[in-house]
Structures are given as C-alpha cells and as structure tokens.
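In what follows, a structure is listed as structure tokens, so that the remarks can point back to it.
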Amino acid sequence: MNKIYLDHAATTPVAPEVFKAMEPYLTQFYGNPSSIYSIAQKAAMAVSEAREKVAALIGADDEREIIFTSGGTEADNLAIKGAAMALQNKGKHIITSKIEHHAVLHTCEYLEKYLGFDITYLDVDDEGFVSPESVAEAIREDTILVTIMMANNEIGTIEPIKEIGEIVEKHDIYFHTDAVQAVGQIPVDVNELKVDLLSLSAHKFNGPKGVGALYIRKGTRIVPQISGGAQERKRRAGTENVPGIVGLGKAAEIAGEKLESKAEEVSRLRDKLIQGIEEKINEVVLNGPRGKDRLPNNVNFCFRYVEGESILLNLDMLGIAASSGSACTSGSLDPSHVLLAIGRPHETAHGSLRLTLGLDNTEEDIDYLLEVLPGIIQKLRDMSPLYEG
Amino acid sequence: MYSEKVMDHFNNPRNVGEIKDADAIGKVGNPVCGDIIKLYLKIKNGRIEDAKFKTFGCGAAVATSSMVTELIKGKTIEEAMKISKDTVAEALDGLPPVKMHCSNLAADALHNAINSYLGKSSEEEPQAETEESKGYLDSVSNDQ
Ligand code: FES
C-alpha cells in the first residue's frame, strides 16, 4: 500500500544524518556532561557545538542565549511563566492572540487562574493575522509581556512579528514568539524580529522528539520553572538530553543549509495542492492566506457538509496520513479554536483537513491525493444530512 | 483506536440514504460535538420495515448510525424503544472513551423518531455525557 505522509506540522521523520550524528552519544559518549572524565567532556563539547548551531540558525549573537528544553511546549512554558514570575512586581498584564498553540494559551490561562494575571487575547482577521495596531492598542501601564506566534500550526499564517517587535520595543515589555512551526521552514532572525524570547522544537524540522530550545536575549530575566542542578546556566535544571541536543544541532545545521531550496520546493507542491483541490472539489474554503504570508508547507481546507475525522479515516485507509485541526486537539471534541477565531461557522470548522508537506513528499504524492480526495468528499457528502446534492 | 466492527460499519455503512415517504423521521444534533444525524423509518403494523440514515459526523457517529438501522429493522416499535446507546456501543464491540458520547446520537434519533410517530412531543432533551470535566485546569487526579 501507498504510504504518504502529509502531517509534517505534527512531526517529521528524523533525517538520516541527524540519526547518525546522535548515535555515538547514546552508546559511546554517554557520559554526563557535568562530569570531568573524557567521555563526559566529549558529550559536553557536543552540547556546546549544538548550541552554536542553533544560535546560528536563528541569528542569535551569543550561543549562551540558547537554553535547551524538552521541546516547544516546555520552551513556551518557560518563556511565559518565567517572564511572568520575574516581572510580576512590575505588572500582571500579558497580551497574546486567540490563535496561539495550546502550549501558550493554556499557560496564559494558568497564570490567570493561579497567579492573578490579566490576559488580553487579541482577535485575528479572517486569514488569521494579528494586527500590529491591535497590539499597540492593547498595551497598558502594567503590561509585561507580549506573546504572539510566528506562524500558525493549523492554517499556516505567518504573523507580522517584525512589525509587532517594533511596537513592543518602544516599551519596557518582553516580546516572546512561539516559532515552533517557523524555524526550519522560513528565515528566522531574532534581531530582525526584535524578540526577547523565542521557542523552537527539533522534531518539526527533521530532528528528534523530546528536545527544543528557548532563545533568551541577553539581559532578559526569567525565573526557572524546573528546579535542580546548575545545568543550562541555572535556567533549566536536569541532566542534558545529550543525544537529543546533538540531533537538534545537526537538524539546525541542515535546515540552515537547505532553507531556501526546501521552501521553494515545498511551496511549489503546496500551491499545486491548493490549486488542485479548488479545481476538483466544489464548496471548499482555504483557511489562511495565500502566497508568501503562508508557511511553505501548509495547506488547510474546510470541506462543507463533511466532518474532519471521517475524511481522515478514509485517507488513512488509502495510506495517507493527514490531520484535522491539530494533532494535539484530536482528543477533544471542540472544533479548532483557530478556525472559530477566523470566523468559520461551527459545522464548517468541523470539516477541516490539514495537509502539511515535507522534504520527503513528491509530485506523485500530490497527484495521488488529488486523485482520491474528490471521491472521498463526495462519498461523505452523499451521506450527509446537510448536503442537498 | 476503533474496533474492527466500527471500522467495518464506517467503511461500508448499511442503509445510507433517505426514505421518501417515511412514516417517522428523527433528527438530532449531538450537544457535545455538534454532529448531526437524520434517521428515516418506514413503519407498518407497529413494526419497523425499513430504516435509513444520513449522518454528518465522526467515524463513530457513522458506525453507530449504521448499526442502529441494522438493529431495528424488523423490530416492533416497543422493542426498538428499548435500544439504548449502550446497546449500540456494545453491538459495535465498544467505543473509545472519548467517543462514548457519539453513541447518544443514533439512539436519540431513534427515540426521537418513534416518539414523533406516536404523536408524543419528544422534547426530552438529549443528554450530554458529562463524565469528563471540560476544564483542563481543574486539578487532575492521578489515576488516569
Ligand atoms: S464526535 Fe460527534 S458524534 Fe462522534
């Protein structure tokens, strides 16, 4: 059977070079980087090389600004809770958007519920853009942090982070961006974006799961969220995930080299897919913008009158892996908060399909999908009480 | 995550469609997730002669709809009234916990159709499953 993987925003396969780079640190140089003997020092050196590579990928001035974490979620938690706790005497207001990943939204709700913070959740327009003006308007005396994602995981909207950064910079406020979906797909430069904190995750760009990083601009204060040893310059305790960190470093290096060619190739497939779906199936709505403000790897459609899980089950039977809403929410029943925020009605939001591309996808994959999808949608519509035929 | 039976009924749903001159129609929306089923019955001498459905919903919604039509064909309306969501879920070899509410949909549509046939206004509100608390922030017990 065909195996076509179209869920790269959920996770990606580990690149062979990445796997090869990691292996010796599982079996040979397994020493704890905090120890002094040579197999440990070898591990410590590998960690510091990886730190340099990650710093290079996002344009950080100093590799000491990179703190390794267990992934994007922990990086978001550390950034938001860490900044909130460090600055709470100054103010307790945070600005975010309605379409953030749950790692950000639920962290904000946590601060609201348990630590008395006041959170502004900004609206987005019908393509998912946060307007920089709305950020400017929401800023108050007691605002301490603005956190807006760089690119949306469901609908691929690339937010105007640089413009927002220019506004936030004029105030004494920290600016965090969850760049988990952006890093490795589009150019990311922390100085150009004027962010103080930036989260990234290895497994979104062919690195291993269980490792990510938080960029913390020099001079930015955060309270550590995991207490213990002095690792990561006392910002994140716990023995380093050496093989994972090495894998992240290697993935960052490759991503940097391939950034342009990958974006070009993947966005060509993306546009072919978008065009094909719009030509072959009626009553579909593209979610998110078109062109350069959309992540090169993201396609997201609502198919009216049908429900998302039914589409996924049918695709899976043909060997195609895709997602509806986002993988993280498939345990819950509410339609995607992102699709509701861009104004899709409840039933339409229920019928979304997200296809996210990667380097392993080919022209033939797209052709095959375009061949089978219209039939699946028609079959489900014929079964739907909402469809008049 | 679904049983083989569920997947079988999802892939080859029995009795999809409409009955033009149906004697009873039950239409319900699932209050938990917003999915919708429309169930058509042909009833003669107190017996369900034919049943068809249309469903907008998840895999479990489609499978339970299909299963309900199979279970009720040939049954008297009294017998059909006794079919509950648990009957349907059991007939499908169970549903994943997060999908238990889906079996409400088909059972509610069935009861709704029969009640309307019997001339009872069936405004017994379909009940949402509330076994799971919605707020993720409510303290979580350890035994999951
Ligand atoms: S999720 Fe709605 S009926 Fe199953």
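Values in this text are rule-based calculations from the coordinates and carry no lab data. Everything numeric here is computed off the predicted structure, so don't read it as measured data. Every residue, glycine among them, receives a Cβ derived from its backbone with ideal geometry; neighbour counts consider all protein chains shown.
Charged side chains reduced to their Cβ positions (Lys and Arg at +1, Asp and Glu at -1) give region A:1-98 a dipole of some 360 debye around its Cα centre. Distance between the modelled labels on A:Glu388 and A:Glu49, one decimal in nanometres: 6.6 nm (7 Å Cα→Cβ projection).
Using C-alpha pairs under 8 Å with a sequence gap of at least 6, the mean separation divided by the residue count of region A:248-389 gives a relative contact order of 29 percent. Based on Cα contacts under 8 Å between residues 6+ apart, chain A shows a relative contact order of 23 percent. Placing R0 at 60 angstrom, the Cβ-Cβ distance between A:Asp367 and A:Ile36 gives a FRET efficiency of 0.55 after rounding to 0.05. Longest span of chain A, sites excluded, free of GluC sites (Glu not before Pro) in DSSP loop with at most 14 other C-beta atoms within 10 Å? Counting only loop sites that pass the neighbour cut-off, the longest clear stretch is A:142-282.
Shielding by partners for peptide B:34-42, expressed as the average number of C-beta atoms from other protein chains within 10 Å of each residue's C-beta, is 3. Take the Cα of A:Lys170, step 7 Å toward its Cβ, do the same at B:Thr76, and the gap between the two points is 8.0 nm.
Pick out which of A:Gly116, A:Gly165, A:Gly244 has the largest mean-square fluctuation in a Gaussian network model of chain A, springs linking Cα atoms closer than 10 Å. Highest fluctuation of the listed residues: A:Gly116.
For region A:350-389, place one equal point scatterer on every Cα, skip the solvent, and apply the Debye formula. What is log10 of I(q)/I(0) at q = 0.14, 0.21, 0.24, 0.31 Å⁻¹? Calculated log10 I(q)/I(0) at the listed q: -0.44, -0.77, -0.88, -1.09. Helix A:363-382 axis versus longest C-alpha principal axis of chain A: approximately 60°, rounded to the nearest ten.
Taking Cα centre as origin and charging only the Cβ of basic (Lys, Arg, +1) and acidic (Asp, Glu, -1) residues, the dipole magnitude of chain A rounds to 1280 debye.
Largest first and in whole Å, the equivalent-ellipsoid semi-axes of region A:31-166 read 33, 19, 14, each the square root of five times a Cα gyration tensor eigenvalue.
Taking chymotrypsin sites (Phe, Trp or Tyr not before Pro) across region A:1-82, the ones in a DSSP loop with at most 16 further Cβ atoms lying within 10 angstrom of their Cβ are A:Tyr30, A:Tyr37. Taking every DSSP beta bridge that has both ends in the protein assembly as shown, the antiparallel portion is near 65%. Placing unit charges on the Cβ atoms of the charged side chains and taking the dipole of the protein assembly as shown about its Cα centre, the candidate lying farthest along the positive direction among B:Tyr117, B:Pro96, A:Ser336 is B:Pro96. Using R0 = 35 Å, the C-beta based FRET efficiency linking A:Asp271 and A:Arg233 works out to 0.20. With a 10 Å cut-off around each Cβ of A:337-345, the average count of Cβ atoms from other chains is 0.
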